[in-house]
Structures are given as C-alpha cells and as structure tokens.
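Structure record follows, encoded as structure tokens.
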Amino acid sequence: MTVTTLAREPQRTVVRDHKLVLRAQTAADLMTLQVVSIEHNAPLHQAVATLVDRKFSAAPVIDEAGRPVGVLSMTDIVIHDRNAFAYARPVPEYYLKSDLQEAIGEPVGGFEVEVANRTPVRDLMTPVVFSVRPETPARQVIEQMLNLRVHRLFVIDGDGVLIGVVSMTDVLRRLLD
C-alpha cells in the first residue's frame with residue numbers, strides 16, 4: 001500500500017498599499033447628533049435602565065439647561081453597587097407562616113425584599129466632561145481622545161449646551177466612507 005501526501009502551499013497574505021483617509025474636517029463632521037443623556041437628578045435605576053436598554057457603557061449627565069456636568073459610566077454604577085447594599089426589614093414571621101404560606105400552599109421564608117435605590121445620578125457620576133466645539137479640527141479631536149485615553153468627547157455649542165458626541169466608532173466610520 002502506498003500513501004501519497006500532497007504538499008500544500010502556504011497561504012499568502014496580500015498586503016495592499018491602501019491609505020485610510022479621514023473623511024471629516026471638524027468635530028461637527030464626526031459627531032453623532034442624537035445624544036442620549038441622563039438628567040443629573042434622575043434616580044439611579046432610571047439611568048441603569050437607559051444604559052442597559054441602549055447598550056451604552058456611559059452617557060453624559062446634563063443639568064436643567066442641557067449643559068453637561070459629568071459622565072455616568074457602568075463602572076461608576078458597579079462601584080456604587082458594590083459598596084451599597086440596602087434591604088427592607090424582614091417580613092414578620094407570623095405573616096410568613098400564616099397568610100403567605102396559605103396563599104402559596106407551601107412553606108415560605110428565607111427571602112428579603114430589596115429597597116429601590118433612589119440615589120440621584122449626580123452622586124455617582126464622574127464630574128468631569130471632556131468636550132470640544134463643533135468647529136474643532138477632526139485631527140485635534142482624535143489627538144485629544146488619544147491623549148486623554150477616552151472613548152468619546154462631547155460636543156458643546158457656544159452656550160455650553162450638549163449638541164453631539166464623537167466616539168471612536170464615529171471616527172472609524174468616517175475612515176471607511
């Protein structure tokens with residue numbers, strides 16, 4: 001019996017000399033206009049719902065005038081949650097053994113009711129906002145993101161009102177246009 005093995009050529013990686021071009025001149029060209037923000041006096045549970053539902057890792061926190069006053073990130077929430085546990089007082093034993101047991105039809109016990117966290121967002125947020133103006137050159141926006149090691153910069157108008165956000169995804173998207 002003869003066994004023949006076929007030699008396979010190694011796969012070649014084709015490298016193209018293709019330069020990416022950023023198709024944006026200013027922050028206004030890069031930014032996303034529909035900014036999801038959280039009011040500074042909103043309760044934490046509302047902010048968590050907003051971030052989770054939108055699949056965001058962070059969002060700007062604004063005051064009543066629409067000016068950014070901070071950023072709330074999932075990291076801020078996790079740190080807060082790790083350090084703060086609050087539970088309601090246990091249900092009295094006589095209640096558990098009588099009415100609830102009859103309603104369910106089996107023995108009950110060993111559970112606690114969690115108290116809704118009413119902490120306002122302003123108590124958890126990072127009170128720093130990295131921002132640029134709409135006319136900021138795109139190159140400067142990218143350099144600032146890299147130097148600050150942030151994933152997003154907020155765009156504010158002359159009155160300090162939040163009008164957009166530039167994320168790393170926005171920058172990459174403009175490289176592929």
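Counting every other Cβ atom within 10 Å of each residue's Cβ, THR169, THR26 order from fewest to most as THR169, THR26. Computed extension gain for LEU176 through LEU20, at 0.36 nm per residue and net of the alpha carbon distance, reaches 55.4 nm. Counting neighbouring Cβ atoms within 10 Å and putting the fewest first, the residues PHE130, PHE56 line up as PHE130, PHE56. If R0 is taken as 25 Å, the Cβ-Cβ distance between THR75 and MET168 corresponds to a FRET efficiency of 0.90. In terms of other Cβ atoms within 10 Å, HIS45, HIS80 run from fewest to most in the order HIS45, HIS80.
If the chain between HIS151 and THR119 were fully stretched, how many nm would it gain, using 0.36 nm times the residue separation less the Cα-Cα distance?
Taking HIS151 through THR119 to full extension adds about 8.9 nm, to one decimal.
Bear in mind that the values in this text are calculations on the coordinates, not laboratory data. None of these values were measured; they are calculated from a predicted model. As a convention, Cβ positions derive from the backbone with ideal geometry for all residues, glycine included, and neighbour counts pool all protein chains shown.
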